[in-house]
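Okay, structure first, notes after.
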Amino acid sequence: MMPLEGQGESPLGTMTSNKLRVLFVDDEAAIRSVMKIELPRMGHDVTFCEDGESALKVLENHTFDAAIVDLRMPGISGWDVIDHIKKVSPETEVIISTGHGDLEAAIQAVRKGAYDFLPKPCKLFEISAALKRVAEKRTLTNKAIALETRLKAVEGAPDIIGKTPSMQRVKRMIEKIAPTDSAVLILGETGTGKELVARRVHELSHRAQMPFVAVNCGALPDNLVESELFGHRKGAFTGADTPRKGLIEVANGGTLFLDELGELDKSMQVKLLRFLESGEVRRVGENEAFHVDVRIVCATNRDLESMVREGAFREDLFFRVNTFEIRLPPLRERKEDLPDVSRNLIARHLKRRDVPPEILAPETIEALQSHDWSGNIRELANALEHAVILADGGVILPEHLPGAITRQRSAVLTGNKGVEAAFSNGSPKTLREIEMEVIYQVLEKHKGDKVKVAAELGIALKTLYNKLNGDQTRAAS
């Protein structure tokens, strides 16, 4: 009996978007010889092993999306290989191939976590179809992980609101570049809506049905940045108790948004550049790289050109991520958009499609437009949440706004002036409000440079990010 059927048949075609890393374990040389031709023709990266012992050695340094394993082999059996795969890489889908298959073996295979069962002689189209199902499952899993990541971030993001010429330019640029796969760099102060623009680019692209994965580079612990982005295998370092996909791999087929790009250190800039140039990812602890297909959108509030001149940011990486540049204006430069932006934020908070124009009293709009908004949209959202609660469903008046929006908002919060500002409008601010006002004032002073802000405030950069992210979460809840 021939080990394979249908060798002359054309496989289901090259599946570049469904490319898998496959481990093929079979002790029959004839089968391996055929599959060395056919599996790559299907579009997969394949590692071949002639017995269970060599398979276990390969699994020490490599992770696979799928493993096609023969059950009966001399020495270490296919069952032992499957047990080891499920131990070191539970995300690997196992397809059992055996000439001794029966119902009992199939049941045992399912109990051991096998994804599929193919009795010999295996037809090529059956193998191709099984791997295609694995690829589709992997895509759905990545989408689920990406969705979970989004739910941890700000959800219900508003539309891009703005009638000013600067915002109209932003909208036109988004519509122009979204259908392409070109890299995009979004520049703007903290809280101007850089992630919103990145999401809009994704939503208008051909990748819209695939994952959008946002990564705040500045919020990642220095010792875990590489693992978070590229993933790791089990045991790669202390604490790596289970294998993990990197966020780049999770974004496969979709868009990867790297926020606060300027916060990456030089060593990670090198690794990111290598990925951008090759499209290949190498998990921490593994020797071989694999290819992923993602669109890169980056953002920063730092002046990357100045950082390049100062040697703090790689020039080649800057040119690589800056195919197209979108600059977001700060809120203080488009105050005529404030009424529309404010009503949109209020509708989000109230979970409504829209709100009537009169929800903001004319004097409230005047108060909003007289404020500098150093924290931009993020600060505005926080202030309006405060106002909506105090207004109790009625028209929002100036007295419903936080003290920072009153005439005394610009007072320096030190000494008697700080006490006076803290008790403006006859009611004391919370310590949280006072703290965030100071942070936003220092952010404005240093033009969004968080390193300088943290140094002036005497806190760790990570602490500053946590406070800003907490403020963003409160504004979006």
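Exposure proxy for K335, K462: other Cβ atoms within 10 Å of each Cβ, ordered fewest to most, give K462, K335. The stretch between A219 and D340 holds 40.4 nm of extra length on full extension. This uses 0.36 nm per residue minus the Cα-Cα distance.
Could you tell me whether the stretch 4-140 comes out rounded, prolate or oblate from its Cα gyration tensor? Rule is a ≥ b ≥ c as square roots of the eigenvalues, rounded for a/c under 1.5, then prolate if a/b exceeds b/c, otherwise oblate. Rounded shape, in that the Cα axes give a/c under 1.5.
When the GluC sites (Glu not before Pro) in the stretch 230-274 are filtered for DSSP coil states and for at most 10 other beta-carbon atoms within 10 Å of their beta-carbon, no site remains. Maximal additional length on extending the K447-K266 stretch stands at 62.9 nm, based on 0.36 nm per residue less the C-alpha distance. So what's the back-of-envelope 222 nm ellipticity for the chain, counting only DSSP H runs of four-plus at -39500 (n - 2.57) apiece and dividing by all residues, rounded to 500? Mean residue ellipticity at 222 nm (helix-derived): -13500 deg cm²/dmol.
Highest mean packing first, where packing is the average number of other Cβ atoms within 10 Å per residue, the peptides 58-64, 71-77 line up as 58-64, 71-77. Once the Cα atoms are used to define both axes, helix 194-203 deviates from the longest principal axis of the chain by about 50 degrees. Residue pairs exceeding 20 angstrom between C-alpha atoms, taken from K19/K112; K163/K194; K36/K245; K86/K137; K163/K447; K194/K467: K19/K112; K36/K245; K163/K447. Starting from the Cα of E28, move 7 Å in the Cα-to-Cβ direction to define the label point; list residues of the stretch 71-85 whose amide nitrogen is under 20 Å from there. Under cut-off, by backbone N: 71-82. Between T238 and K132, the distance separating the two model label sites (each 7 Å from Cα on the Cα→Cβ line) works out to 4.9 nm. In plain terms, the chain from A144 to E325 could stretch by 62.1 nm, reckoned as 0.36 nm per residue minus the Cα-Cα distance. As a rough footprinting exposure proxy, the listed residues H206, H446, H371 were ranked by other beta carbons within 10 Å of their own, and the order from fewest upward is H206, H446, H371.
For the chain, the longest principal axis of the alpha carbon atoms and the long axis of helix 165-177 meet at an angle near 10°.
Of all DSSP beta bridges confined to the stretch 153-327, the antiparallel ones make up roughly 20%. Listed from fewest to most Cβ neighbours within 10 Å, the set H291, H44 follows the order H291, H44.
Go ahead and run the numbers for FRET between S278 and E310, Cβ-Cβ distance against an R0 of 25 Å, rounding to 0.05. Efficiency for this residue pair is about 0.35.
I'd like the orientation of helix 431-445 relative to the chain: the angle between its Cα long axis and the longest Cα principal axis, in ° from 0 to 90, rounded to 10. The angle comes out at about 90 degrees.
Can you give me the C-alpha center-to-center distance between the stretch 39-79 and the stretch 168-209, rounded to a whole angstrom? Distance between centres, Cα-based: 42 Å.
Shown here: P(r) over Cα pairs in 20 Å bins from 0, in percent, derived from the displayed model; of the candidates (i) 22, 59, 19, 1; (ii) 21, 43, 25, 10, 0; (iii) 26, 61, 14, 0, it corresponds to (ii).
Every read-out reported here was derived from the displayed coordinates using simple, explicitly stated rules and does not represent laboratory data. All of these numbers come straight from a predicted model, not from anything done at the bench. With ideal geometry, Cβ positions are generated from the backbone for all residues, glycine too; neighbour counts draw on all protein chains shown.
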